[in-house]
């Protein structure tokens, strides 16, 4: 039977109280464990709405005895950021006290967990994987927290660290559906991509600052790099279009797609799912051009989302409305061939600030190191 646990979060201010609602389906150890969280960036509300509709589908599957594994759903992963409203403006991406991005600097315990199982492995992938998961949980139990963001991250990591599949539901500002996955999970993850209708897949492993999905996968990745036979979990960021796409029809469709994915993976019993062939662009994150404003002004797009572009195409122009008559606007052009899949909903450009992304098939020269924008 499904259960809802309320996990009380440590209070950092007298008189305040917050908790996480955690929905559990199936039985631990009865099959693969799936962990799904929504809205760690708390202003990305379509993620929470999709989780709400998915919960209804999971409730019905549980009522009819169709759960074949363990599913943990956290439909509101960030009550701290959800309450972060300043002068009527919701700013749920950063911890107000420090400016920390809620999806950066997750606790990376991979080195100590892998070291802890050294010399104890060799009984096969399943046994090794169990050892590693236990070592990760033990390492997390020793971690301390200094602020509300770290407290929240530790709580969520302890729920997710032993999952076989971990999905982190997000949105961009304005965007098409897209995914971030580890390169070793492709093309295996193409079923997820095709079922949710994502035309853009970015392979990300060390993209910078330890986001959730990369940190969850890192212990297995480091163990495998040392020759230890373990299973690597499927970890993915599912970007559910843009922040303003708060719509029941879209959310219902997306929830049904995630539900179909769980059926296809055998977590839920159901009729066989037909998975369309993937027809989008799947390439390293280094193949994504991040568009930046050369100057400040009013940002006017010249290409629509989903446009296929080539080098030299004008994506946007930046206009200074106070410039003298006849002054030229600044043009921002594509430097790669690919798909213009994400852009900012805000039209006040700031010098050097990112405002859009084009995903191509070939890594771009100089695009190394920290690939994520904040």
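No lab work stands behind these numbers, since they all come straight from the coordinates. Note that the coordinates shown come from a computational prediction; the quantities given were computed from them, not determined experimentally. Please note: Cβ atoms are built from the backbone with ideal geometry, for glycine as well, and neighbour counts cover all protein chains shown.
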To the nearest 10 degrees, the tilt of helix 248-264 (Cα long axis) against the first principal axis of the alpha carbons of the chain is 40
Nearest 10, in degrees from 0 to 90: the angle of helix 148-160 to the longest Cα principal axis of the chain is 50
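For segment 92-135, what does the alpha-carbon gyration tensor say about shape, rounded, prolate or oblate, given a ≥ b ≥ c as the root eigenvalues, a/c under 1.5 as rounded, and a/b over b/c as prolate? Walk me through the numbers on the way to the answer.
Details: a/c = 6.15, a/b = 3.36, b/c = 1.83.
It is prolate, given that a/c is not under 1.5 and a/b is the larger ratio.
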Taking the alpha-carbon centre of each part, the distance from segment 339-360 to segment 40-106 in Å is 25
Placing each pseudo-label 7 Å from Cα in the direction of the beta carbon, residue 307 and residue 350 end up separated by a distance in nanometres of 2.5
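Express the relative contact order of segment 285-360 as a whole percentage, based on alpha carbon pairs under 8 Å and six or more residues apart in sequence.
Numbers: 183 pairs, mean separation 33.6, N = 76.
That works out to 44 percent.
Which length gain, in nm to one decimal place, applies between residue 370 and residue 138 when the Cα-Cα distance is subtracted from 0.36 nm times their residue separation? All intermediate terms of the calculation are to be shown ahead of the outcome.
Values: separation 232, 0.36 × 232 = 83.52 nm, distance 2.92 nm.
Contour length minus the Cα-Cα distance gives 80.6 nm.
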Percent relative contact order for segment 3-279, counting Cα pairs under 8 Å at least six residues apart, stands at 24
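Going highest first, how would you order 188-201, 277-290, 77-90 by mean Cβ packing within 10 Å? Could you put the intermediate results ahead of the total?
Values: 188-201: 21.4, 277-290: 18.6, 77-90: 16.7.
Ranking, from highest mean packing down: 188-201, 277-290, 77-90.
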At the level of C-alpha centres, the distance separating segment 171-209 and segment 224-281, in angstrom, is 10
For segment 133-225, averaging the sequence separation of alpha carbon pairs under 8 Å that lie six or more residues apart and dividing by its residue count, the contact order in percent is 26
For the chain, longest principal axis from Cα atoms; helix 45-63 axis from its Cα atoms; angle between them, nearest 10 degrees, is 30
Taking only the alpha-carbon atoms of the chain, the convex hull volume per residue, in cubic angstrom, is 151
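Counting every Cα pair in segment 1-127, what percent are over 20 Å apart? Could you put the intermediate results ahead of the total?
Working: 4713 of 8001 pairs.
It works out to 59 percent of all Cα pairs.
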What helix-only [θ] at 222 nm does the chain give? Using -39500 (n - 2.57) per DSSP H run of at least 4, over all residues, to the nearest 500, the answer is -8000 deg cm²/dmol
note: segment 285-360, Cα-Cα separations exceeding 21 Å make up a percent value of 23
